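Read through the structure below, which is laid out as structure tokens, and then see the notes.
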Amino acid sequence: MRRERPREDRKKPLEPPFSSLDVDLEDVRRWHSRESILREDAWVSSHAPSTKTAASVYEAPLPPPPSISREITTFAWDEQGSTVKLYLSLGQFVDELVSSDVSVRFSSGSVRVRIGDLTFERKLFAPVKPSKCGFKVHEERCCVVVSLRKKRKEEVWPSLVADVNADPCAA
């Protein structure tokens with residue numbers, strides 16, 4: 001049985017809802033459902049006798065499937081007074097690193113780095129000042145250096161990341 005959709009909806013080109021790497025399962029299901037309806041419409045149109053002219057049949061190109069994000073799991077870090085530096089060596093993942101492909105998001109308790117389909121996201125040991133944080137891309141060495149400014153400069157960080165085994169209710 002063919003599902004009927006409003007004619008205006010058929011004429012809109014479909015854009016996948018995953019232009020960024022933040023794709024949740026509901027978006028993928030919605031995209032897959034719309035893709036299935038388009039394929040079904042195209043099959044019915046091509047196999048059923050039609051009185052319409054070929055110019056009135058709408059065939060939308062299928063958008064590419066979402067890319068799967070790969071996580072960067074190896075990193076180095078160093079503490080220098082009020083600053084903590086994070087070093088991400090990307091030579092094993094990319095052949096060429098371009099500054100415009102790198103995006104970094106800071107919050108007071110975490111850092112997220114994205115390079116194409118690569119991601120690095122960690123909750124930090126202690127709060128930082130997002131407005132004072134920054135990053136530098138070394139294209140020739142395929143390396144990204146992220147500088148994090150501590151909120152409490154006298155605090156020593158025994159680890160870059162928050163302890164995943166700690167009790168969140170403990171003070």
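Residues checked against (1) at pLDDT below 90; (2) over 19 Å from ASP78 (Cα atoms); (3) among the charged types (D, E, K, R):
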residue	(1), (2), (3)
ASP101	yes, yes, yes
ARG105	no, yes, yes
VAL113	no, no, no
LYS123	no, no, yes
PRO130	no, no, no
LYS136	no, no, yes
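For the range 100-115, give me each residue that is under 15 Å from VAL137 (Cα atoms) and open to solvent by 50 Å² or more (accessible area, probe 1.4 Å). Listed by number, the residues that qualify are SER100, ASP101, SER103, ARG105. Cβ-Cβ contacts under 6 Å between residues 6 or more apart (or on different chains), taken from a first residue in the range 147-159 that is farther than 11 Å from GLU79 by Cβ to a second residue that is of a type in the set (Gly, Ala, Ser), are listed as SER147/GLY134.
Restricting LEU14, LEU86, LEU97, LEU62 to residues that are modelled with pLDDT of 65 or more, more than 30 Å from GLU155 (Cα to Cα) and open to solvent by less than 50 Å² (accessible area, probe 1.4 Å) narrows the list to LEU97.
Contact map, the range 80-108: first residue farther than 15 Å from CYS133 by Cβ, second residue at pLDDT 90 or above and outside any loop (DSSP other than H, G, I, E, B), Cβ cut-off under 6 Å, separation 6 or more or different chains; pairs are SER89/CYS143; SER99/VAL137.
Anything in the range 118-136 that is more than 19 Å from the chain's Cα centre (by Cα) and open to solvent by 30 Å² or more (accessible area, probe 1.4 Å)? List them, or say none. Of everything in the range 118-136, those that are more than 19 Å from the chain's Cα centre (by Cα) and open to solvent by 30 Å² or more (accessible area, probe 1.4 Å) turn out to be PHE125, PRO127, LYS129, PRO130, SER131, LYS132, LYS136.
The values are calculated or read from the model by the stated rules, or taken from the named source; none is laboratory data. Everything numeric here is computed off the predicted structure, so don't read it as measured data. Glycine gets a Cβ as well: all are built from the backbone with ideal geometry, and neighbour counts include every protein chain shown. Just so you know, the surface numbers come from the protein's heavy atoms only, side chains and all, with ligands and any DNA or RNA stripped out. Shrake-Rupley method; radii C 1.70, N 1.55, O 1.52, S 1.80 Å.
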